[in-house]
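Written out below as structure tokens is the structure these notes cover.
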Amino acid sequence: MATSGCLTVGLTGSIGSGKSEVARLFKELGAAVIDSDQLAREAVKPGSLGLQQVVELFGADVLNRDGSLNRKMVGEIVFSDAVKRKQLETILHPIIRGLHKDKMQEIIAQGNLSLVISVIPLLFESGLSYPELSKIIVVTAPKSVCIERIMKRDGCSREFAERKFDAQMSPEEKVKRADIVIENSSSLSDLKEKVGEVYKSLVADDRF
């Protein structure tokens, strides 16, 4: 959706594909970025309804001493139990969706922006509608590359990294649903060039 001269675009892809790096490059070029991972943290901040519901689901053991959510512990639970993962998503996805809508309206109201990039890792898996997004970018990389990145980032075993990767929709299916695909298995300079080209094409969109 091009709203008040501002194009709103969703950015998704498999875990480990490099969505955060792509978002960072878009931000360097002048785009505003909404990070759904950050919204997910906000959804379960101490005192929130989201945190209360998560504790009701998993028990108080998933809380740190300061009352915050132990995200690592929850991750270990849900990536070992598909039913629990679905229950968690049922709680959090609608909350994150609402926070995203509010953040989008806040950014657009500020004006003077041509592009907003919304990073939504589970855009397709959530089953929720995001009609404000006019295009969808999918970031891809070979599974082997993604697994290595997950292991390095999270300090986890290969088995656990593969479990996290396989819990999401297949990269092939995500690509089928994409308007734009950015392949990210080469160098940072190569990725920067690709993002730059996509940025130019988006801001030059003839719907402005």
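The values are calculated or read from the model by the stated rules, or taken from the named source; none is laboratory data. Nothing here was measured: the structure is a model prediction, and the numbers come from that model. Cβ sites come from the backbone with ideal geometry, for glycine too, and all protein chains shown count toward neighbours.
Scanning the range 148-159 for residues that are farther than 17 Å from residue 183 by Cβ and touching a residue at least 12 places away in the same chain (Cβ under 8 Å), which turns out surrounded by the most Cβ atoms within 10 Å (Cβ to Cβ)?
Filtering the range 148-159 for residues that are farther than 17 Å from residue 183 by Cβ and touching a residue at least 12 places away in the same chain (Cβ under 8 Å), the one surrounded by the most Cβ atoms within 10 Å (Cβ to Cβ) comes out as 150.
Taking residue 103, is it touching a residue at least 40 places away in the same chain (Cβ under 8 Å) and part of a helix (DSSP H, G or I)? Outline the logic, then answer.
Values: touching a residue at least 40 places away in the same chain (Cβ under 8 Å): yes; part of a helix (DSSP H, G or I): yes.
Considered against the rule, which asks whether it is touching a residue at least 40 places away in the same chain (Cβ under 8 Å) and part of a helix (DSSP H, G or I), residue 103 comes out as yes.
Based on what the data block shows, is residue 50 modelled with pLDDT of 95 or more, out of contact with any Pro (no Cβ under 6 Å at 6 or more places or on another chain) and either assigned to a helix (DSSP H, G or I) or under 30 Å from residue 198 (Cα atoms) (or both)?
yes
Where residues in the range 138-163 are touching a Gly at 6+ places or on another chain (Cβ under 8 Å) and among the basic types (Lys, Arg), which of them is nearest to residue 195 (Cα to Cα)?
Looking at the filtered set, the residue picked out is 149.
Do we have residue 101 as on the phi < 0 side of the Ramachandran plot, within 16 Å of the chain's Cα centre (by Cα) and surrounded by fewer than 16 Cβ atoms within 10 Å (Cβ to Cβ) here? Don't jump to the end; show me each part of the working.
On the way: on the phi < 0 side of the Ramachandran plot: yes; within 16 Å of the chain's Cα centre (by Cα): yes; surrounded by fewer than 16 Cβ atoms within 10 Å (Cβ to Cβ): yes.
Judged against the criteria, residue 101 is a match.
What are the residue pairs meeting all of these: first residue in the range 171-188, first residue more than 22 Å from residue 148 (Cβ to Cβ), second residue among the aromatic types (Phe, Trp, Tyr), Cβ atoms under 7 Å, and 6 or more apart or on different chains?
Between residues of the range 171-188 that are more than 22 Å from residue 148 (Cβ to Cβ) and residues that are among the aromatic types (Phe, Trp, Tyr), the close pairs are 177/124.
Can you name the residue in the range 160-185 that is touching a helix residue (DSSP H, G or I) at 6+ places or on another chain (Cβ under 9 Å) and part of a loop (DSSP other than H, G, I, E, B) and is also surrounded by the most Cβ atoms within 10 Å (Cβ to Cβ) among such residues?
By that ranking, first place goes to 184.
If you check residue 117 against the conditions, is it farther than 20 Å from residue 23 by Cβ and either assigned to a helix (DSSP H, G or I) or in contact with a Leu (Cβ under 8 Å, 6 or more places away or on another chain) (or both)?
no
Looking only at the range 125-147, how many residues end up being of a type in the set (Phe, Trp, Tyr) and either crowded, with 19+ Cβ neighbours inside 10 Å or free of Cβ contacts under 8 Å to residues at least 60 places away in the same chain (or both)?
Adding up the residues that qualify gives 0.
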